[in-house]
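Shown next, in structure tokens, is the structure this report addresses.
Each value in this text was obtained by applying a stated rule to the coordinates, not by laboratory testing. In this text, all values refer to a predicted model and were calculated from it rather than measured experimentally. Cβ placement follows ideal geometry from the backbone for every residue including glycine, while neighbour counts extend to all protein chains displayed.
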Amino acid sequence: MFGTMQARIAANVIVTKTGCHEWQGKKVKSAGGKFYGRINVYENGKTVSKLVHRVVLELTLKRKLRANEVGMHQCDNTICCNAKHLKAGTQTANMAEMVQRGRDAAARRKQAEGK
Ligand SMILES: [Zn+2]
């Protein structure tokens, strides 16, 4: 099943110039207005809809994500499911990284504008 799931995911992504594997299948919009890919997974005798990037992470880590863990996108592209762009972390760490990246981007913009 391991190879089958990865093949199913690989067949549903487009690889971008930045190396992101953008999910082309079903997507859901999060409370924050971001889109996440979803995939149906057969688990414990029933079909459940799961977030693709979490499925990819679990395949990569070879374990289930814990309840307090989120799949973090290093590339900020939420429909990306490239294992190399993902890591598991806590929600707190995820927020801190997003703030940090935002600050970095703002600093770069200011520098570019000569402020
Ligand atoms: Zn990516």
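Please list, ordered by first then second residue, the pairs with beta carbon atoms under 7 Å, 6 or more apart or interchain, first in the stretch 78-96 and free of Cβ contacts under 8 Å to residues at least 60 places away in the same chain, second more than 16 Å from the ligand (Cβ to nearest atom).
A88/L61; A88/L65; A88/E69; G89/E69; T90/N68; T90/E69
Inspect all residues belonging to the stretch 10-30 and state whether any of them is in contact with a helix residue (DSSP H, G or I) (Cβ under 8 Å, 6 or more places away or on another chain), exposed (fewer than 14 other Cβ atoms within 10 Å of the Cβ) and in a helix (DSSP H, G or I).
no
Please work out if K62 is among the basic types (K, R), more than 16 Å from the ligand (Cβ to nearest atom), over 17 Å from K34 (Cβ atoms) and surrounded by fewer than 18 Cβ atoms within 10 Å (Cβ to Cβ).
Judged against the criteria, K62 is a match.
Restricting attention to the stretch 76-92, does a residue exist that is more than 13 Å from the chain's Cα centre (by Cα), away from the ligand (no atom under 11 Å from the Cβ) and either among the hydrophobic types (A, V, I, L, M, F, W, C) or surrounded by 17 or more Cβ atoms within 10 Å (Cβ to Cβ) (or both)?
Within the stretch 76-92, none of the residues are more than 13 Å from the chain's Cα centre (by Cα), away from the ligand (no atom under 11 Å from the Cβ) and either among the hydrophobic types (A, V, I, L, M, F, W, C) or surrounded by 17 or more Cβ atoms within 10 Å (Cβ to Cβ) (or both).
Would you point out which residue out of H73, H53 is closer than 24 Å to T16 by Cβ, in contact (Cβ under 8 Å) with a residue 24 or more places away in the chain and within 13 Å of the ligand (Cβ to nearest atom)? Write out each step before concluding.
On the way: H73 fails: in contact (Cβ under 8 Å) with a residue 24 or more places away in the chain.
Step by step, each of H73, H53 is checked, and only H53 is closer than 24 Å to T16 by Cβ, in contact (Cβ under 8 Å) with a residue 24 or more places away in the chain and within 13 Å of the ligand (Cβ to nearest atom).
Being surrounded by 10 or more Cβ atoms within 10 Å (Cβ to Cβ) and farther than 13 Å from N94 by Cβ is the filter here; which residues of the stretch 44-53 pass it?
If we filter the stretch 44-53 for residues that are surrounded by 10 or more Cβ atoms within 10 Å (Cβ to Cβ), which is where we start, we get 48-53.
Within the stretch 44-53, V48, S49, K50, L51, V52 meet the criteria.
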